[in-house]
Amino acid sequence: MESKKYQTTVTADREGDQEEMPFALVQGQPITEVPHDLYIPPDALEVILDAFEGPLDLLLYLIRRQNLDILDIPINEITRQYVEYIEMLQEMQFELAAEYLVMAAILAEIKSRMLLPRPAVEDGEDTDPRAELVRRLQEYERFKQAAEDLDELPMVGRDFALTEAFVENKSVVRLPPKVELREILTALKDVMSRAELFSSHQIAGEPLSVRERMSRIMNALRDNPYMEFHRLFDPEEGRAGVVVSFLALMELTREQLIDLVQHEPFGQIYVKSPES
């Protein structure tokens, strides 16, 4: 393994004496010499450089960094900086694309043509060897600026997200399904079966009136204009009370004083006032 020499920095105090500056502190102790048994792998230090999209991007960066006129490129200086960048990448074991080497050859050709005397054309104007390179740089700069402008526009998923919401169309009138007589009788049968549980022998009973029961139902709907069908029956009144309540409901329906509605087939039956 080849040994490397390290140069330490020295400083002078007011009396003129010089002392070595430590290049590192380990547990508070200054280190001025590199240990002889210290092994540093060759790839231990990795430098991340600015990434360029191609040789034109690198040239444009070198020109803009020094505020040079793109129409009057100092080809000697730009070629030198470009070649130094290529050599640095090669020393760092970066893989170079072939287009970078092609551009280096183009720059060398332009540099040599700039050094040689140029013959005059018929119209009396000299042909600038940099003209084609300048045209390519200007065209690349326009496309690069257009790409940056597009990237600044709001992008879905990066700057904002789309969302969806369902809004029911309120203008559509949805009529509840018609209540079939068969379903009303089925509901009545259910109420009658529960009324039988409260049947008892009555010695004397109060007369039941359909009109009186109609008034009771209407009063109940004034307090709650939307009631379930079975809540208008009192099973404790027995069969007679259920029948009277059912007849009162049918009479109120015939006179269009109440409505029987059902929101879905075989669903719950409701009694409501026409105004509700």
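The values are calculated or read from the model by the stated rules, or taken from the named source; none is laboratory data. The model shown is predicted, which means the values in this text are computed figures rather than measured ones. For neighbour counting, all protein chains shown are included, and Cβ atoms are generated from backbone atoms with ideal geometry for every residue, glycine included.
Restricting F229, F266 to residues that are touching a residue at least 12 places away in the same chain (Cβ under 8 Å), under 19 Å from A187 (Cα atoms) and either surrounded by 14 or more Cβ atoms within 10 Å (Cβ to Cβ) or touching a Gly at 6+ places or on another chain (Cβ under 9 Å) (or both) narrows the list to F229.
Within the stretch 175-196, not a single residue is without any contact (Cβ under 8 Å) to a residue 24 or more places away in the chain and on the phi > 0 side of the Ramachandran plot.
Residue-wise test of (1) under 30 Å from L115 (Cβ atoms); (2) loosely packed, with under 11 Cβ neighbours inside 10 Å; (3) out of contact with any Pro (no Cβ under 9 Å at 6 or more places or on another chain); (4) modelled with pLDDT under 85.
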{"position": "R14", "(1), (2), (3), (4)": "no, yes, yes, yes"}
{"position": "D17", "(1), (2), (3), (4)": "no, yes, yes, yes"}
{"position": "P22", "(1), (2), (3), (4)": "no, no, no, yes"}
{"position": "D43", "(1), (2), (3), (4)": "no, yes, yes, yes"}
{"position": "E46", "(1), (2), (3), (4)": "no, yes, yes, yes"}
{"position": "L60", "(1), (2), (3), (4)": "yes, no, yes, no"}
{"position": "I70", "(1), (2), (3), (4)": "yes, no, yes, yes"}
{"position": "N76", "(1), (2), (3), (4)": "yes, no, yes, no"}
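Within the stretch 198-213, one or more residues are farther than 25 Å from L175 by Cβ, touching a Pro at 6+ places or on another chain (Cβ under 7 Å) and among the hydrophobic types (A, V, I, L, M, F, W, C). Applying the set (1) farther than 25 Å from T79 by Cβ; (2) touching a residue at least 12 places away in the same chain (Cβ under 8 Å) to F166 leaves exactly one unmet item: (2).
Entry remark, the stretch 162-191: residues being hydroxyl-bearing (S, T, Y), modelled with pLDDT of 80 or more and exposed (fewer than 10 other Cβ atoms within 10 Å of the Cβ) number 1 in total. Within the stretch 251-274, not a single residue is among the aromatic types (F, W, Y) and under 17 Å from S193 (Cβ atoms).
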